[in-house]
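Presented below is the structure to which this report refers.
The values are calculated or read from the model by the stated rules, or taken from the named source; none is laboratory data. Just so we're clear, the structure is a prediction, and the values are computed from it rather than from any experiment. No Cβ is skipped: glycine too gets one built from the backbone with ideal geometry, and neighbour counts run over all protein chains shown. Each accessible area value is taken on the protein alone, full model and side chains, heavy atoms only, with ligands, DNA and RNA left out. Shrake-Rupley method; radii C 1.70, N 1.55, O 1.52, S 1.80 Å.
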Amino acid sequence: MIEKEGLIQTEKGLALCLEGQMIQGDFVKMAKRLTHANLSHELLVKACKIKNADAPLTIIDATAGLGEDALLLAAAGHNIILYERDEIIAALLEDTIKRAMKDASLSSIVTRMELHKEDSITALHKLTFSPDIIYLDPMFPKREKTGLVKKKFQVIHVIEKPCEDEESLLSAALSAGPKRIVIKRPLKAEYLANKKPSYSIEGKSIRYDCIVL
């Protein structure tokens, strides 16, 4: 039982204590997924692959969260610009990246991750360049069976609610003029803002809707 709630500094770095749970970013635990062989099987990496494009790509993760998806894309060799609007989650992510910088196996990867602690909807409208890809993970809609959602994400939902203005988020992404928009959704969920994608890549429980522009 965690008695004190809020952000605390632990021996392993910054952590959030809330509703009896401790949330802390940890890129080290993802090491196995970051190998070249495993990355080639990651659906997100496949969704963000542009045929005959010059590498590395510039990808904006407009809903960064704890940065795990961005880490996969950075490990695949891309340059990732992350936006996180919530101050608490952004602080956790910033601390996670700083700790990863000191890890020999991760430092070269996280140097390709640039964090901006601000609302991406506003930021995307002000971009002075066109990114190759914009990635959106507006958090899964509320489910009837809460057991299907990992405890970690239940706590995150307390801090930062799933996107309530899907049209504004998608409109901002479109306004930035990317070559592609990739949207993470539950397998059976409706399209974001009812926008039909060019195609989708499906997994067992999630899918990636790809809008080619």
What is the gain in length, in nm to one decimal, between residue 36 and residue 108 on full extension, counting 0.36 nm per residue of separation less the C-alpha to C-alpha distance?
-> 24.5 nm
In the stretch 12-106, what GluC sites (Glu not before Pro) fall in a loop by DSSP, with at most 15 other Cβ atoms inside 10 Å?
-> 19
Integer Hz, Karplus 6.51/-1.76/1.60 couplings in order for the stretch 167-176, x for Gly and Pro = 5, 5, 5, 5, 4, 5, 5, 5, 5, 7
Residues with beta-carbon under 10 Å from that of residue 120, excluding residue 120: net charge, scoring Lys, Arg +1 and Asp, Glu -1?
-> -3
Computed over the stretch 1-127: relative contact order in percent, which uses C-alpha pairs under 8 Å that are six or more apart = 23
Rough spin-label spacing in nm, given labels placed 7 Å along Cα→Cβ, for residue 139 and residue 19 = 1.0
In order over the stretch 80-96: 3J(HN,Hα) from phi, Karplus 6.51/-1.76/1.60, θ = phi - 60°, whole Hz, x for each Gly or Pro, gives 10, 9, 9, 10, 9, 7, 7, 5, 5, 5, 4, 5, 4, 5, 4, 5, 4
Normalised contact order of the stretch 27-78, rounded percent, pairs of Cα under 8 Å and 6 or more residues apart | 49
Rank these by accessible area, largest first, 1.4 Å probe: 54, 165, 61.
-> 54, 165, 61
Whole-number percent relative contact order across the chain, with pairs defined as alpha carbons under 8 Å at least 6 apart = 18
Taking amide H positions as placed in the peptide plane 1.01 Å from N, state which residues far from residue 18 in sequence (5 or more) or on other chains have amide H under 5 Å from it.
-> 6, 23
Provide the per-residue ³J(HN,Hα) series for the stretch 179-188, in order, calculated from phi with Karplus coefficients 6.51, -1.76, 1.60 and θ = phi - 60°, each as a whole number of Hz, with x at glycine and proline positions.
-> 6, 8, 10, 10, 10, 8, 9, x, 3, 9
For the chain, what is the mean residue ellipticity at 222 nm derived from helices alone (per DSSP H run of n ≥ 4: -39500 (n - 2.57); sum divided by total residues; nearest 500 deg cm²/dmol)?
-> -7500 deg cm²/dmol
Calculating volume of the Cα convex hull per residue in Å³ from this structure picks out, from [x] 128; [y] 174; [z] 116, entry [x]
Between residue 198 and residue 54, what length in nm is gained on full extension when 0.36 nm per residue of separation is reduced by their alpha carbon distance?
-> 49.7 nm
